[in-house]
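A quick write-up on the structure given underneath.
The values are calculated or read from the model by the stated rules, or taken from the named source; none is laboratory data. As the structure is a computational prediction, the values presented were derived from the model and not from experiment. Please note: Cβ atoms are built from the backbone with ideal geometry, for glycine as well, and neighbour counts cover all protein chains shown. All accessible areas refer to the heavy atoms of the entire protein, side chains included, with ligands and DNA or RNA removed. Shrake-Rupley method; radii C 1.70, N 1.55, O 1.52, S 1.80 Å.
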Amino acid sequence: MKVSIDTDRCRGFGVCVSLCPEVFVLTDYGYSEVAVEEVPPGLEEAVAEAAEACPERAIECN
Ligand code: SF4
């Protein structure tokens, strides 16, 4: 599974970071970015949950 964040849509706050800190990290500016583009085994469900929970629909995973 691959994951990416549309940085134009991300508004920060870090919902994704709280749900899956192994994959999503907050930048110094308070926005989120992916630490790894290829989701490690066992974290697919957490990443899908984060994508679902993102209020801006900024997370794409497939
Ligand atoms: S949940 Fe969405 S809007 Fe919030 S930090 Fe993560 S990518 Fe950005």
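For region 15-62, GluC sites (Glu not before Pro) are listed when DSSP marks them as loop and at most 16 other Cβ atoms sit within 10 Å of their Cβ; the list is E22, E37, E56.
Express the carbon and sulfur contribution to the solvent-accessible surface of the chain as a percent, rounded to the nearest whole number, probe 1.4 angstrom. Intermediate values should be presented prior to the final figure.
Working: 2030 of 4130 Å².
Carbon and sulfur together cover 49 percent of it.
The per residue volume of the convex hull around the alpha-carbon atoms of the chain is 66 Å³. Converting phi to 3J(HN,Hα) with the Karplus coefficients 6.51, -1.76 and 1.60 and the offset θ = phi - 60°, region 15-21 yields 3, 5, 5, 5, 7, 8, x Hz in sequence order, with x at every glycine or proline.
Residues in region 2-9 carry Karplus couplings, in order, of 10, 9, 8, 10, 7, 5, 6, 9 Hz; the curve used is 6.51 cos²θ - 1.76 cosθ + 1.60 with θ = phi - 60°, and Gly or Pro positions show x.
Charge tally around K2: other residues with Cβ under 11 Å, Lys/Arg +1 each, Asp/Glu -1 each, net -4. Using a probe of 1.4 angstrom and keeping all protein chains present, the accessible surface of region 3-61 works out to 65 square angstrom per residue. Against the chain, whose longest principal axis comes from its Cα atoms, helix 44-53 is set at around 30 degrees.
Among the chymotrypsin sites (Phe, Trp or Tyr not before Pro) in the chain, those located in a DSSP loop and surrounded by at most 10 other Cβ atoms within 10 Å of their own Cβ are Y29.
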